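Encoded as structure tokens, the structure appears first; notes follow it.
The values are calculated or read from the model by the stated rules, or taken from the named source; none is laboratory data. Fair warning: this is a prediction, and the values are worked out from it, not measured in the lab. Here the Cβ positions follow ideal geometry from the backbone for every residue, glycine too, while neighbour counts run over all protein chains shown. What goes into the accessible areas is simple: the full protein's heavy atoms, side chains included, and nothing from ligands, DNA or RNA. Shrake-Rupley method; radii C 1.70, N 1.55, O 1.52, S 1.80 Å.
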Amino acid sequence: MKQLSEIARQAAREAGFELCGVASLRGAGFPELEYFSSWIKAGYAGEMEYLKSRDEQGKLKRASLQTAVPWARSVIVCGINYNTAQPYSTEVAHDKTRGWIARYAWSAKDYHDSVMRKLRQVETRIRSEAENAAEITTRCYVDTGPLVERVYAKYAGIGWIGKNTCILNQQLGSWIFLGVILASLDLEPDLPAPDRCGSCTRCIEACPTAALVEPYKLDATRCISYLTIEKRGEIPEEMRSGMGNHIFGCDICQDVCPWNGGASRHSAKAHSPKTPATQAVGFQPRPGLVNPPLEKIASMTREDFQKTFRGSPVKRAKYAGLRRNAVIAMGNSGKRSFLPQLHELTQDPDADVAKHARWAIQKLGVT
């Protein structure tokens, strides 16, 4: 099993992953998963019903792999850097005419597919090297399995769970895509990563919607990523101003993190790059996805949307949702030059776009 664990790490490196570790499902368990159940009960998951999925006994599937996948003995966690050399959102926030798309969604292809291909390479290598391969069961997941990936990433030594609830690695910061392989093998586990957040609270202080209600606790219903991606229909009015110019996701709590080389958004000091930029071609930004003009996003047709975001994670926000977000960003911009377009959008066939356009006009000081 020790040899197979090392083979897995080697295969991960060859596939292009910078990080790989193993967490065992035998033993004391994972205290963080007990918190997950209370997090769901508190309503912090909002409309993300997939997180609330339960088994036939009514237990949350993500709260216990031993219950959801009883044959699993080990979790192999692979991590890959997706950071690129472009500025952080906190450095370009002054340009109110453009919207922010989260860093992870800049590439031309959906990361789920590219990470899964690499993960399959690792899985194939493990099975080819294992004895009695026909008796081994494995499953690969990239954000789709009945598990909380960051918990197993911690116990696999990939990184610690930061106060912003992201996985943080000393070398790569938090710009990490995770892929997971469940295996029926008792592989040799790695040591859990120690928490290195210390007394820092930059992420909590910088969150414009106060989604980080306390260290290590995120209320997703207040998170800009949730509001711009998962929330359908009307955005609560009290949340709109805090969304700023974000139209898909949010990077603020990561951009200000010292482990990413960030500085407080209240500081005039620019971040000093610390985390390396990936050289992977598949993760490089597609032209037009870094700070796209709000006017263009709000006015795009459904055909434009399909063409522009084909194969991109941005499609998850849906056509109506992305335009709604752009309209809110227009209202937050302070730019009265958007008024002619916003007046047109008040007559938009989509009722949510029209409703938010009326709010944006009022936000710009026009009654």
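Observations on the structure shown:
- Some residue of the range 12-32 being part of a helix (DSSP H, G or I), in contact (Cβ under 8 Å) with a residue 60 or more places away in the chain, in contact with a Ser or Thr (Cβ under 9 Å, 6 or more places away or on another chain) and not aromatic (Phe, Trp, Tyr): no
- Of residues in the range 23-60 being acidic (Asp, Glu) and loosely packed, with under 11 Cβ neighbours inside 10 Å, the one nearest to residue 231 (Cα to Cα): 49
- For the range 175-208, taking the residues that are of a type in the set (Val, Ile, Thr) and more than 16 Å from residue 149 (Cα to Cα), the one that is surrounded by the most Cβ atoms within 10 Å (Cβ to Cβ) is identified as 204.
- Exclusive hit being without any contact (Cβ under 8 Å) to a residue 24 or more places away in the chain and out of contact with any Asp or Glu (no Cβ under 8 Å at 6 or more places or on another chain), set 196, 117, 139, 202: 117
- Any hit, the range 271-280, residues being open to solvent by less than 40 Å² (accessible area, probe 1.4 Å), free of Cβ contacts under 8 Å to residues at least 60 places away in the same chain and farther than 23 Å from residue 239 by Cα: no
- Residue check, residue 341 in contact with a helix residue (DSSP H, G or I) (Cβ under 8 Å, 6 or more places away or on another chain), among the polar types (S, T, N, Q) and open to solvent by 40 Å² or more (accessible area, probe 1.4 Å): no
- Residue that is modelled with pLDDT under 95 and under 18 Å from the mean Cα position of the chain (by Cα), where the choices are 106, 100: 106
- Considering residues of the range 94-114 that are assigned to a loop (DSSP other than H, G, I, E, B) and not hydrophobic (A, V, I, L, M, F, W, C) only, the residue least open to solvent (accessible area, probe 1.4 Å): 99
- Residue check for residue 63: aliphatic (A, V, I, L, M), modelled with pLDDT of 90 or more, open to solvent by less than 50 Å² (accessible area, probe 1.4 Å) and in contact with a Ser or Thr (Cβ under 7 Å, 6 or more places away or on another chain): no
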